[in-house]
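Read the structure below first, then the notes.
Coordinate-derived values only; no laboratory data. Note that this is a predicted model, so its numbers are computed, not measured. Note that each Cβ is placed from the backbone with ideal geometry, even for glycine, and that neighbours are counted across all protein chains shown.
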Amino acid sequence: MDQKKIGSFLRELRKEHGITQEQFAEKLGVSARTISRWETGSNMPDISLLSEIADYYDVGIPEIIAGERKSDGMNEEVKEVADAMSDYAGEEKAKLVKSIRNISIIGLIALIIYMVLGETGAYERNTLFRYAYGYSEVLIYVTVVMFPLYTTGLLSKLRIRNTGWGRIPGPALKVMAFIAAFAVAALIRIVLSKIF
C-alpha cells in the first residue's frame, strides 16, 4: 500500500470537487490538519471514515486503497463490507473510550479521597478513614496499571486468545484484570515503601 499515492489521489479527488481541506474536514468531522496529513501520505484515514469518503467522492474503497481510479464502479457487496467494518470500528472505539472514561473517573475519585484524607490528617484519627485512605492509594495504582491494559488492547487480546478453559468472557476477564492490577499495585506500593 503506497500512502503517498493514496494521499495524492485523495488530494486530486478533493480538488476535482472544488472544496478546501477545511470544508472537507468539516464534512467528515475531523481537523483540516488531519486532511492535510492524509493528502501528504503521512497518515491514512481511519477505517471508519473510508466508506464516507468513498461516498462523498463517488469512488470505490478499493480505488482509495489503490490510490487510483478503476474502470468499473464500486461493487455493492464491497461497500456493504466496508460499511460493516466502519460500524464495527466505531463500536470498538466507543467501547474503549467508555472503559477509559470509567477508569479515569474511578482513579479521580480515589485521588480526591486520598488527598482530602491525607491533607486533613483524618486518616490518622479514624480507623474507617485509615482504610479508605489505604484503599484509595492502592486504587490510584490500579488505575495506572489498568490504563495500559485498555489502551494497548492487551485485555481484548487475552479475551480472544483461547485458553485451557475456553474463551474467557469479557466481564470475567475485567474482574481478573482488576484483581491482577490490585496485586501489581500492592507490589509497587511495597517496593516503593522499602525504597523510600
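Three principal axis extents of the stretch 3-74 based on alpha-carbon atoms, in descending order, are 31, 23, 21 Å. The calculated FRET efficiency for the pair THR127 and ILE179, based on their C-beta separation and a Förster distance of 35 Å, comes to about 0.90. A full extension of the chain between ILE109 and ASP87 corresponds to an added length of 4.6 nm, given 0.36 nm per residue minus the alpha carbon distance. The stretch between THR120 and THR152 holds 7.8 nm of extra length on full extension. This uses 0.36 nm per residue minus the Cα-Cα distance.
Charged neighbours of LYS93, selected by a Cβ distance under 12 Å, balance to -2 (K, R count +1; D, E count -1).
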